[in-house]
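The values are calculated or read from the model by the stated rules, or taken from the named source; none is laboratory data. Nothing here was measured: the structure is a model prediction, and the numbers come from that model. Positions of Cβ are generated from backbone atoms using ideal geometry, with glycine treated the same way; all protein chains shown enter the neighbour counts. These accessible areas exclude ligands, DNA and RNA; they are computed on the full protein's heavy atoms, side chains included. Shrake-Rupley method; radii C 1.70, N 1.55, O 1.52, S 1.80 Å.
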Amino acid sequence: MAAPPLDGYFWRNLARFGARGPDWFARFAPPLVGVAVCALAPTHRRAIVRNLQRVRGQRGSIRDACDAARTFATYASCLTEVLGGAGRASEALVWGELHVDDALADGRGVVFATAHTAGWEAVGPILLRDRGLQILVAAARERDPAARVIQDEARRAQGLLLTYVGDDPLSGLPLLRHLRRGGVVALQIDRVPVGARGRRVRMFGADAQLPEGPLRLASITGAPILPIFTARTGHRRYEVVAHAPVRLGRHASNAELDAAAQAIADGLHQFLLAHPTQWFHFREQ
């Protein structure tokens, strides 16, 4: 019998149930569930192992199995903490705050270039609380409508704005408007959506692709791109790492777009080398 889809209603609802329980339950139960899911989802487990090997090289089957289980356990904990709502705020240590201030000083809005890493959705509420930022999360529409409702309710409860981007060419208009009002747009850059254009970069000694959309958005609006990634360090505790802003002119050349993409990829590369088990990339690049 196959396990329910990782992005489906069953696991989201289970995580929401855990988030609403006592704090000790939300702390200890999710990692156990995550390890069980690791055992029940061989396709996703193999994808995680291959990505671990890509990031940190071959370490042997025992180490691969342990790191894959740790990845699933951390994912389960993060999902539960996100679904816990605003009543259970997370704490974070922010590295590179000067880079955040530098990007905001332009007054043109900021594009947060983040990834499917542990606690990436915690960046918004933390910086919203500390800096009064309006953060608009640009997300692909999830396959399971019931799961999407659960996730969206949790995001909005934490003060995040939300818009869906996809095949509709007009779906990017809310991003433009938000940046021109001085807001922050958060996009994940470690996957190229189906049908979207990508820019070739080098990561871990091999070719990879980053989506071109965030680069074009920054070029059109003049908003700097801030590569910013998060790692979970404990129960409701996170580490936020911000890198130097990447700026593009309105008429950026292909060479400038490629250089910007590589700078963002370098930041992600550096982060994943330090936190290989906190990359929730449940499919191969």
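Brief remarks on what is shown
- Looking only at region 25-39, and only at residues there that are aliphatic (A, V, I, L, M) and at pLDDT 90 or above, the one that is farthest from residue 202 (Cα to Cα): 29
- Qualifying residue in region 252-263 (condition: closer than 25 Å to residue 38 by Cβ, open to solvent by 40 Å² or more (accessible area, probe 1.4 Å) and among the acidic types (Asp, Glu)): no
- Scanning region 206-234 for residues that are of a type in the set (Ser, Thr, Tyr), within 20 Å of residue 118 (Cα to Cα) and either open to solvent by 10 Å² or more (accessible area, probe 1.4 Å) or part of a helix (DSSP H, G or I) (or both) yields a single hit, 233.
- Of all residues in region 57-108, those being open to solvent by less than 40 Å² (accessible area, probe 1.4 Å), modelled with pLDDT of 90 or more and assigned to a strand (DSSP E or B) number 0.
- Residues satisfying the stated conditions in region 1-27, i.e. touching a His at 6+ places or on another chain (Cβ under 9 Å) and in a helix (DSSP H, G or I): 23, 26, 27
- The residues of region 160-171 that are touching a strand residue (DSSP E or B) at 6+ places or on another chain (Cβ under 7 Å), of a type outside the set (Ser, Thr, Tyr) and open to solvent by less than 60 Å² (accessible area, probe 1.4 Å), listed by number, are 160, 162, 165.
- Any hit, region 172-180, residues being surrounded by fewer than 19 Cβ atoms within 10 Å (Cβ to Cβ) and hydrophobic (A, V, I, L, M, F, W, C): yes
- Residue list for region 169-190, filter: more than 21 Å from residue 210 (Cβ to Cβ) and not in a helix (DSSP H, G or I): 181, 182, 183
- Residue in region 270-285 that is acidic (Asp, Glu) and part of a loop (DSSP other than H, G, I, E, B) present: yes
- Residue within region 188-205 that is in contact with a strand residue (DSSP E or B) (Cβ under 6 Å, 6 or more places away or on another chain), surrounded by fewer than 19 Cβ atoms within 10 Å (Cβ to Cβ), small (Gly, Ala, Ser) and closer than 25 Å to residue 223 by Cα present: yes
- Among the residues of region 235-264, those identified as of a type in the set (Asp, Glu) and in a helix (DSSP H, G or I) are 256, 258.
- Test result for residue 233, of a type in the set (Ser, Thr, Tyr), within 25 Å of residue 98 (Cα to Cα) and touching an Asp or Glu at 6+ places or on another chain (Cβ under 9 Å): yes
- Check on residue 179, among the hydrophobic types (A, V, I, L, M, F, W, C), in contact (Cβ under 8 Å) with a residue 40 or more places away in the chain, in contact with a strand residue (DSSP E or B) (Cβ under 8 Å, 6 or more places away or on another chain) and within 30 Å of residue 49 (Cβ to Cβ): no
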